[in-house]
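Working notes for the structure below.
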Amino acid sequence: MASTSGESVELLTASLERQAVNDQSVMDVSDDSQVIRAAQAGDRTAFGQLYDRYARMVHGILLARVPLNDVDDLVQDVFLLALPRLHTLRDVNRFGAWLAAIARNRATDYYRKGVDEVELTDSLPENQVDGHAKSSAPDAEPAAILAAIRELPEAYRETLLLRLVEGMTGPEIAARTGLTSGSVRVNLHRGMQQLREKLTQSSRAAQASSHIREGQEENP
C-alpha cells in the first residue's frame, strides 16, 4: 500500500485535471425545475426521479461526515426529511443546495443524538470503500485513500468524495450542490494537493518503519 499510494493519487490527479475542472466539460445535468414542481404538487413519481438524480450527491456529503456503515440509511433519512418540507422551497433552482444543507444537518444531528462517534478513518469492510462492493484492486489501498480524504478540510473532503467516489463531474457537482464552478475547481485542485501530500507522507513513514523492522531482523 505504502509503495503504491503515491502512484494512485497521481492517477487520480490526472483524471481530475482531464475531466473535472474544465468549465467547458459537457454537463450531464437535466433541467430539474419541472420535476421539482411536480414533486411539490405531491407527485411521488417525480420525487422518486429527484432521488435518482440526487442520491449520489447526498451519499457523498454524508460519506464525508459519518461512519461508512451508516451512510446508506442516512441517505434514506435525508430524503424522508426533505419530502414533507419540499413545499417550503421557493426557488426550485436552489433545490440541490437546499437538499445538500439538509444532508449536512442530518450528519450533524447524527452526533447530537448521542451516537458514539466513530473515527472516520476506521477500517472499512472488506471489498468496500463507498458502501458498494469493489471487485478488482485490493481494498487496502482505496481504503487508505478514502481515510486520507476524510482528514482534509470539510469543503475539500466533500468535493473530492463527490468526484472520486460518487463519480460526479466538476460541472455536475457545481450544478447539483449550488457551488460555483470556480469554487469546485479550487476545492478539487487544493484538495488533491493536500491529498497527495498526505499520501506521500504516509508512504514515507511506512517505508521508514519497514526499514527499521528490516534492520531489527538483520541485527536481533
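The values are calculated or read from the model by the stated rules, or taken from the named source; none is laboratory data. Worth saying up front: this structure is predicted, and the values here are computed from it rather than measured. Cβ coordinates were reconstructed from backbone atoms using ideal geometry, including for glycine residues, and neighbour counts include every protein chain displayed. For the accessible areas, the whole protein counts, side chains as well, though only heavy atoms, and no ligand, DNA or RNA atoms are used. Shrake-Rupley method; radii C 1.70, N 1.55, O 1.52, S 1.80 Å.
Some observations on this one:
- Taking segment 28-73 as the range and being more than 11 Å from the chain's Cα centre (by Cα) and among the basic types (Lys, Arg) as the test, the residues that pass are Arg37, Arg44, Arg53.
- When segment 76-97 is filtered for residues that are without any contact (Cβ under 8 Å) to a residue 60 or more places away in the chain and either under 19 Å from Ala155 (Cα atoms) or not aliphatic (A, V, I, L, M) (or both), the ones remaining, listed by number, are Gln76, Asp77, Phe79, Pro84, Arg85, His87, Thr88, Arg90, Asp91.
- Looking across segment 1-60, the residues that are surrounded by fewer than 12 Cβ atoms within 10 Å (Cβ to Cβ) and either touching a strand residue (DSSP E or B) at 6+ places or on another chain (Cβ under 8 Å) or modelled with pLDDT under 50 (or both) come down to Ser3, Ala14, Arg18, Gln24, Val26, Asp28.
- On the stretch given as segment 147-162, residues that are within 20 Å of Ala101 (Cβ to Cβ) and open to solvent by less than 40 Å² (accessible area, probe 1.4 Å) total 7.
- Qualifying residue in segment 183-191 (condition: modelled with pLDDT under 90 and not charged (D, E, K, R)): no
- Just one of the numbered conditions (1) under 20 Å from Leu62 (Cβ atoms); (2) without any contact (Cβ under 8 Å) to a residue 12 or more places away in the chain; (3) among the small types (Gly, Ala, Ser) is not true of Gly167: (2).
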